[in-house]
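Here the structure comes first, spelled out in structure tokens, and everything after it is commentary.
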Amino acid sequence: MNELLASAIFTVFVLGLLALDLGLFHRRAHCVSFREAVAWSVFWIALSLVFNYGLYRLRGSEAGLQFLTGYVIEKSLSMDNLFVFALIFAYMGVPARDQHKVLYWGILGALVMRGVFIAAGTALISHFHWILYIFGVFLLYSGAKLFGNRLEKVEPERNPVLRLARRLFAVTEDFAGDAFFVRCEGKIFATPLLFVLLMIETTDVLFAVDSIPAVFAVTQDPFIVYTSNILAVLGLRALYFVLAGALGRFRYLRPGLALILIFVGIKMLVVRFYKMPTPVSLIVIVVVLAASIVLSLKFKPAADGKTHS
């Protein structure tokens with residue numbers, strides 16, 4: 001099957017699932033319970049693994065391993081988004097019952113932007129193969145920067161997208177339920193929830209700049225890059241509600257993600273001399289991610305700022 005047609009069918013299927021999600025299961029705003037979030041997380045992961053198996057059967061073991069490795073990379077790097085989402089929601093005071101809708105539309109926008117990024121990246125690599133080395137250097141820089149950085153404060157006034165939106169729309173002082181716009185005295189007003197959505201969208205664009213080149217280190221097959229990215233992002237919303245109350249406990253996750261970025265960057269830079277087997281890449285990434293989670297759970301920060309096991 002033509003890859004463009006396969007990508008179109010895949011996209012229609014994903015959009016159908018999202019429409020079913022918001023139109024049927026989450027038609028009314030509500031606080032997502034831990035049990036519900038776990039069920040949805042299991043669903044999205046199971047769907048991804050079923051797709052992975054189908055790809056393995058149709059295109060062979062190498063394609064299956066490439067998808068799984070790309071999926072794990074994207075899933076692990078997307079964890080960093082969750083910390084920022086939590087900061088944004090806390091800073092803006094978004095009610096828990098309205099957070100699902102913001103993440104839903106935020107992820108829908110992320111699917112569009114990532115599709116554009118992947119298409120652009122594929123076109124660049126096909127014409128200028130040396131661009132992979134630039135991606136590799138960029139990933140090394142991003143990993144080194146992430147290694148020493150704590151979470152930055154949320155500063156909406158420095159976000160150019162929000163500054164532009166404030167010029168275009170009159171804004172209400174308070175939230176209006178889960179509405180992004182309200183009509184008052186014949187005029188259309190934006191609500192603060194719209195600005196939360198814009199912050200989520202611009203944050204994801206920044207993270208995509210790191211994560212998409214990382215998947216290109218595994219494969220330059222646009223279909224595998226696209227599907228592994230999209231399926232990883234689809235489960236991000238449910239995963240947020242699973243981990244929302246415990247994100248602060250994963251203190252070693254960001255250094256682990258930094259190591260993954262550095263590892264993938266090095267892999268890109270040495271590809272001309274040594275092409276690392278996909279299974280080896282997958283094992284290294286899984287081990288680093290698992291170790292960072294285990295260390296975070298074992299060595300917990302105490303109230304006095306010291307670390308205790």
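Since every read-out is calculated from the coordinates, none of them should be taken as a lab result. Note that the structure is a prediction, hence the values are computed from the model and not measured. With ideal geometry, Cβ positions are generated from the backbone for all residues, glycine too; neighbour counts draw on all protein chains shown.
The table that follows gives values for the structure above.
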item	result
Enumerated helices (runs of 4 or more DSSP H) restricted to region 220-285, each holding at least 2 residues that are closer than 27 Å to Arg59 by Cα and touching an Asp or Glu at 6+ places or on another chain (Cβ under 6 Å)	222-234
Lone unmet requirement of (1) touching a residue at least 12 places away in the same chain (Cβ under 8 Å); (2) under 16 Å from the mean Cα position of the chain (by Cα) for Val116	(1)
Region 39-72: number of residues that are hydroxyl-bearing (Ser, Thr, Tyr) and surrounded by 18 or more Cβ atoms within 10 Å (Cβ to Cβ)	4
Single residue of region 162-185 satisfying the filter (loosely packed, with under 10 Cβ neighbours inside 10 Å and among the acidic types (Asp, Glu)) that is farthest from Val196 (Cα to Cα)	Glu185
Checking Leu206 against (1) out of contact with any Gly (no Cβ under 7 Å at 6 or more places or on another chain); (2) in contact (Cβ under 8 Å) with a residue 12 or more places away in the chain; (3) closer than 26 Å to Ala232 by Cβ, the condition it does not meet	(2)
